[in-house]
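Presented below is the structure to which this report refers.
Any read-out appearing in this document is the output of simple, stated calculations on the displayed coordinates, not a laboratory observation. Owing to the predicted nature of the structure, the values given are computational and were not obtained by experimental measurement. Heads up, the Cβs are rebuilt from the backbone with ideal geometry, glycines too, and the neighbour counts pull from every protein chain shown.
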Amino acid sequence: MTTGMRTADPAPFTLRRATGDHAAGADALERELRRAGLEAVLAGANRRAARRPATKAFAGMKPKPADWYTFDPADDDTADWYPQGVTCASDGGFATPAFAVSWYWRPPSGERGARVSFLDTASLRYRHVLLVEVRPDGSFGPVPVHAGGIVWYAGRLYVADTENGLRVFDLARFLDMRTGRDDVGDPEKIGFHDGRAHAFGYRYVLPQTDSWQVDPGSARFSYVTLDRSGERDLLLSGEYTDDPGETGRVARWALDGETLAETGGEAEPVDAYTAPDAGIQGALSHAGRWYFSRGRGASANGSLIVTAPEGEPVSRSYPIGPEDLTCWREQGTLWSVTEFRGRRALFAVPL
């Protein structure tokens with residue numbers, strides 16, 4: 001396929017399935033807590049978003065985004081959680097116009113892992129859900145990853161694990177912390193304490209059920225997205241680097257309608273390329289073009305780099321702190337999320 005991109009060796013991105021005890025652990029925890037579906041999570045969403053309000057996120061971006069949403073003021077200003085990954089219902093084939101946004105815990109102590117916000121754009125309501133990893137005995141804790149990218153596909157949520165590959169969560173297996181009681185537990189505890197389950201005060205947790213791992217040191221998974229524009233669906237991931245003299249790589253894997261296409265437990269990339277610049281926070285391929293989200297810190301506008309099959313890359317104006325990318329195919333829009341305090345928005349530009 002002609003892409004206008006410089007090819008790279010795909011072999012370092014080969015993934016190996018590593019289910020291990022994840023599925024057994026999720027089963028054990030589900031015996032203690034009631035399962036809930038995504039519809040219930042969205043129907044009971046407890047935080048309010050706003051559509052197209054004034055925001056500092058875009059700064060000098062011209063033209064402004066085609067559409068955007070902002071978070072509750074407390075989430076916009078928190079120093080503890082930073083948004084990173086984004087995916088949409090168009091990726092997952094879900095009928096409700098919804099988004100999922102991942103956040104990582106920033107403080108150096110008191111690890112709380114990663115959470116995902118599920119937003120229903122029709123109601124302008126969203127809820128945070130804590131990701132958890134569970135041992136076979138049902139004990140559980142936070143998932144300590146940066147969660148720089150997420151993909152919603154075939155009822156699964158794929159979460160980038162920077163040094164290791166991809167973690168997988170089943171979106172049919174949200175677990176309700178209020179099972180059998182009237183409260184959600186202690187906001188400072190996680191796991192079972194005195195016979196009760198706690199998850200830092202979150203109503204729902206989403207347990208890890210599977211994993212895809214890369215050989216140590218061979219490749220980094222800084223972001224992840226989905227290309228559904230061709231004959232075969234492709235999962236895409238790539239590397240962030242902040243060295244001006246170095247660019248990361250991006251790779252794509254075929255999907256078989258359920259998960260990564262594999263042979264003998266290994267998923268080999270169909271191709272790999274060199275990114276066009278350093279500082280890439282997200283990448284997406286769609287209909288022969290590539291899109292790269294480039295950040296320039298907390299005070300300068302980023303850029304969207306677009307590479308066509310022929311010609312040089314073109315740089316477009318973008319907000320401050322742009323991160324992961326996702327495509328709402330039915331709208332013909334490209335979405336991202338900005339990460340910095342007081343400048344957080346989920347926003348769209350035309351493809």
**Report entry** Long-range HN-HN contacts of ARG316 with modeled amide H, under 5 Å
**Finding:** LEU304, ILE305, VAL306
Query raised in the report: With θ set to phi - 60° and the Karplus curve 6.51 cos²θ - 1.76 cosθ + 1.60, what are the ³J(HN,Hα) couplings of region 273-285 in order, to the nearest whole Hz, using x for Gly and Pro?
Result: 9, 8, 5, x, 6, 7, x, 6, 9, x, 9, 8, 10
Query raised in the report: Ranked by Cβ crowding within 10 angstrom, fewest neighbours first, how are ILE150, ILE190 ordered?
Result: ILE190, ILE150
Report task. Calculate, axis by axis, the spread of Cα positions in region 6-350 along the three principal axes, and write the results as whole Å, longest axis first. Result -> 63, 51, 39
Report task. Quick one: pull the percentage of alpha-carbon pairs in region 56-125 with a separation above 21 Å. Result -> 38 percent
**Report entry** Along each principal axis, Cα extent of region 70-169, largest first, Å
**Finding:** 36, 33, 25
**Report entry** Placed amide H near HIS146: partners under 5 Å, 5+ positions off or other chain
**Finding:** THR162
Query - At most 11 other Cβ within 10 Å, DSSP loop - GluC sites (Glu not before Pro), region 261-320 - result: GLU310
Query - Beta bridges per DSSP with both ends in the chain, % antiparallel, nearest 5 - result: 95 percent
Query raised in the report: Taking only C-alpha pairs under 8 Å that are 6+ residues apart, what is the relative contact order of the chain in percent?
Result: 22 percent
Report summary line: Once VAL270 and ALA50 are pulled to full extension, the length gained, defined as 0.36 nm per residue separation minus their Cα-Cα distance, is 75.2 nm
Requested in this report: Let me have the 222 nm mean residue ellipticity of the chain computed from DSSP H runs of 4+ only, each contributing -39500 (n - 2.57), with the sum over all residues rounded to the nearest 500.
Outcome: -1500 deg cm²/dmol
Requested in this report: Which order do the peptides 274-280, 8-14 take when ranked by the mean count of other beta-carbon atoms within 10 Å per residue, highest first?
Outcome: 274-280, 8-14
Report task. Over the residues of region 252-307, compute the C-alpha Rg and express it relative to 2.2 N^0.38 Å. Result -> 1.47
Query raised in the report: Exactly which GluC sites (Glu not before Pro) in region 227-261 are in a DSSP loop and have at most 15 other Cβ atoms within 10 Å?
Result: GLU231, GLU246, GLU258
Report summary line: Of the convex hull drawn through the C-alpha atoms of region 200-348, the volume per residue in Å³ is 170 Å³
Query raised in the report: So for LYS62, LYS189, fewest C-beta neighbours within 10 Å to most, what's the order?
Result: LYS62, LYS189
**Report entry** Candidates per GluC sites (Glu not before Pro) in region 1-86, loop by DSSP, up to 13 other Cβ within 10 Å
**Finding:** none
Query raised in the report: Hey, how much of the P(r) for region 1-148 falls beyond 25 Å, as a percent of Cα pairs?
Result: 46 percent
